[in-house]
Amino acid sequence: MLKKILVVLILGAFLLGMGAGVPFQVQQVEAQDDNIVESVDDVIALVDGEEILLQDIDEFLQVDELVMNLFQMNQEFTQVLLQTEAGQELMNEYRKMKFEEYLSYYLLQREVERQGIELTEEKRQEFFDEHLELILTENNLTEEQFVMLLQQQGLQSIEDYRDLFMEVNQEEMLIFALQEELFADLAVSEEEKQDFYQDNQEDFAEEAGVEVSHILVEDRELAEEILERLEAGEDFAGLAREYSIDPGAENGSLGLVTEATQFVEPFKSTALEMEAGEISEIVETQFGFHIIKAHEVQEARTLGFEEVESDIELVLLQEKRSEFWEDYLRELEEDAEVEMKI
């Protein structure tokens, strides 16, 4: 997904920094080199005549947090970094190395202002909802579990987190709104989709396989009892919910098993030999005793264009957006007159 909020709030690390209460900043030293910056008000670059201060890039790079992390790992090195000219030279090299990232961010902020980009409350909420869904999905969390994590870090509710998110990510949301406007006219033609499909046939091939479920138990006696109940007509999914010890198989379902599936033997070979609707005898593996049910047998085939058209369109649209964005940033940087002071 191209549109992914750049979250400055990272649970744990960020909030640890807030709680520590130690204002780390690069200290002033007696500089012998004119290119050594001495304070947060020093000018480190000019962009089209506009002054970029040390404070501006350090806020962007989260230097205080970086220094805090260094301090926790090596206090002696961090003191040298903060209090000596050699340390400040090293910090300046880091700033110069990261300046292009800052420049892109600065120029995008300027474009947001120039084009008068604004956010409605509805759009702000949309950004937050996408961000929250991403967090829950990627971390396999329910909202209740997420709230418990927030409370451990001093936030009492998702609403509190939303308020902090909105405050921290205001500029990023405006840049994403600019991005959406720029992408509005990008589209993928039917010919482009068809060409991609024809040129990538191997990506749309499906192996032969069998869609299966199983019930896994620890002892053979229980497996035999369950098998008898299945043969008497009891529901396979219901018995799987009641008895199976495989926590990763909801209702016993394992999905499609193919030759490439990384399942142990003799489970895999048994599954691949089954017919639709068939229930296996007891299969013993290192994990216990399995009873397998085959649902659907799939022949090897190539997915039709209609089945994958929407996926192809998404891939090609993402490629177009990525290329367009890179070109847009490059043009902004090429048009800007930059003079470094460090």
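A few notes on this one:
- Pairs with Cβ under 9 Å, 6+ apart, first in region 193-217 and in contact (Cβ under 8 Å) with a residue 60 or more places away in the chain and farther than 30 Å from His290 by Cβ, second surrounded by fewer than 18 Cβ atoms within 10 Å (Cβ to Cβ) and among the polar types (S, T, N, Q): Gln201/Thr302; Phe204/Thr302
- So Leu81, is it within 28 Å of Arg124 (Cα to Cα) and modelled with pLDDT under 90: no
- Candidates Glu313, Glu259, Glu309, Glu334: the one that is without any contact (Cβ under 8 Å) to a residue 60 or more places away in the chain, out of contact with any Leu (no Cβ under 8 Å at 6 or more places or on another chain) and over 30 Å from Arg229 (Cβ atoms) is Glu334.
- Total residues in region 196-223, condition surrounded by 15 or more Cβ atoms within 10 Å (Cβ to Cβ) and in a helix (DSSP H, G or I): 4
- Filtered residue count, region 250-286, keeping only those that are in a helix (DSSP H, G or I), surrounded by fewer than 17 Cβ atoms within 10 Å (Cβ to Cβ) and on the phi < 0 side of the Ramachandran plot: 2
- Residue within region 155-174 that is aromatic (Phe, Trp, Tyr) and under 30 Å from Lys268 (Cβ atoms) present: no
- Of the candidates Leu149, Leu182, Leu134, the single residue that is surrounded by fewer than 17 Cβ atoms within 10 Å (Cβ to Cβ), within 17 Å of the chain's Cα centre (by Cα), in contact (Cβ under 8 Å) with a residue 60 or more places away in the chain and assigned to a helix (DSSP H, G or I) is Leu134.
- Set Ser269, Ser253: member being among the polar types (S, T, N, Q), closer than 20 Å to Val210 by Cα and more than 31 Å from the chain's Cα centre (by Cα): Ser269
- The residue that is surrounded by the most Cβ atoms within 10 Å (Cβ to Cβ), among those in region 152-179 that are part of a helix (DSSP H, G or I) and polar (S, T, N, Q), is Gln179.
- Any hit, region 114-124, residues being under 30 Å from Glu180 (Cα atoms), in a helix (DSSP H, G or I), touching a helix residue (DSSP H, G or I) at 6+ places or on another chain (Cβ under 8 Å) and in contact (Cβ under 8 Å) with a residue 40 or more places away in the chain: yes
- Filter result for Val188 (closer than 30 Å to Glu306 by Cα, in contact (Cβ under 8 Å) with a residue 12 or more places away in the chain and aliphatic (A, V, I, L, M)): yes
Listed here are the residues, each with its yes/no results for (1) out of contact with any Ser or Thr (no Cβ under 6 Å at 6 or more places or on another chain); (2) within 23 Å of Ala205 (Cα to Cα).
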| residue | (1), (2) |
| --- | --- |
| Glu225 | yes, no |
| Ile245 | yes, no |
| Gly252 | no, no |
| Val297 | yes, yes |
| Lys320 | yes, no |
| Phe324 | yes, no |
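- For region 243-273, filtering for residues that are modelled with pLDDT of 95 or more and farther than 19 Å from Glu296 by Cα leaves 6.
- Here Tyr106 meets each of (1) within 22 Å of the chain's Cα centre (by Cα); (2) within 24 Å of Asp335 (Cα to Cα); (3) of a type in the set (Ser, Thr, Tyr) with one exception, condition (1).
- Count - residues of region 316-337 that are among the polar types (S, T, N, Q) and farther than 22 Å from Val112 by Cβ: 1
- Condition met for Lys193 (crowded, with 16+ Cβ neighbours inside 10 Å, out of contact with any strand residue (DSSP E or B) (no Cβ under 8 Å at 6 or more places or on another chain) and of a type in the set (Lys, Arg)): yes
The values are calculated or read from the model by the stated rules, or taken from the named source; none is laboratory data. Worth saying up front: this structure is predicted, and the values here are computed from it rather than measured. In this analysis, Cβ positions are derived from the backbone assuming ideal geometry, glycine residues included, and neighbour counts consider all displayed protein chains.
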